[in-house]
Amino acid sequence: MEPTGNAACADIDSRESVLSCWYDAYGTDVLRLCCFYLGSRADAEDATQETFLKAWKHMDRFQGRNQCTPKTWLMKIACNTCRDHLRRAFRKHEVPKADLSSLIQTDSDDRELILDVMNLPEKYRAVILLFYLQSMTVRETARALHISPSTVSRRLETARGLLRN
């Protein structure tokens, strides 16, 4: 596998160019994940920017991860960045506001489902967002969250049960 994980980015030498290529390919996905994770578009934009900054700073770490795609790696960074934002908000006693209306262009049933997903405990919300929203496989989700594939499967099953109720 090429270090960049993207044929269009394969001939790029500089870190900035690779990051720019990744941003073009995955920036919208990272923003969407952060928005659903944090419940605020403004916070999501900050988290997205921070995600790509962290990726740029630590790109040498990615170069050695043969089984990891850029999307998986970026989603892992995004999840961790969102967790950090939520911890800071919790310490400040702030509750993230759900201003997802700009991303939710669906009927009321789907809107309710999305809000229910946002109310899941973090460990279940993370697997649901990566698996369904980002269309990642169980294996990719496991790599992104640093858990085993069987744990991802169990959490998906539990999350589905919580959502049914």
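Only one of the numbered conditions (1) in a helix (DSSP H, G or I); (2) modelled with pLDDT of 85 or more is violated by ASP110, and that is (2). Looking only at the range 120-164, filter to residues that are more than 17 Å from the chain's Cα centre (by Cα) and modelled with pLDDT under 90; which one of those is surrounded by the fewest Cβ atoms within 10 Å (Cβ to Cβ)? Among them, the one singled out is ARG164. Across the range 11-34, a minimum of one residue is classified as out of contact with any Lys or Arg (no Cβ under 6 Å at 6 or more places or on another chain), polar (S, T, N, Q), surrounded by fewer than 17 Cβ atoms within 10 Å (Cβ to Cβ) and modelled with pLDDT of 90 or more. SER101 passes every criterion in (1) in a loop (DSSP other than H, G, I, E, B); (2) at pLDDT below 60; (3) of a type outside the set (Lys, Arg); (4) under 24 Å from SER135 (Cβ atoms) apart from (1).
The values are calculated or read from the model by the stated rules, or taken from the named source; none is laboratory data. If you're wondering where the values come from, they're calculated on a predicted model, not measured in any experiment. As a convention, Cβ positions derive from the backbone with ideal geometry for all residues, glycine included, and neighbour counts pool all protein chains shown.
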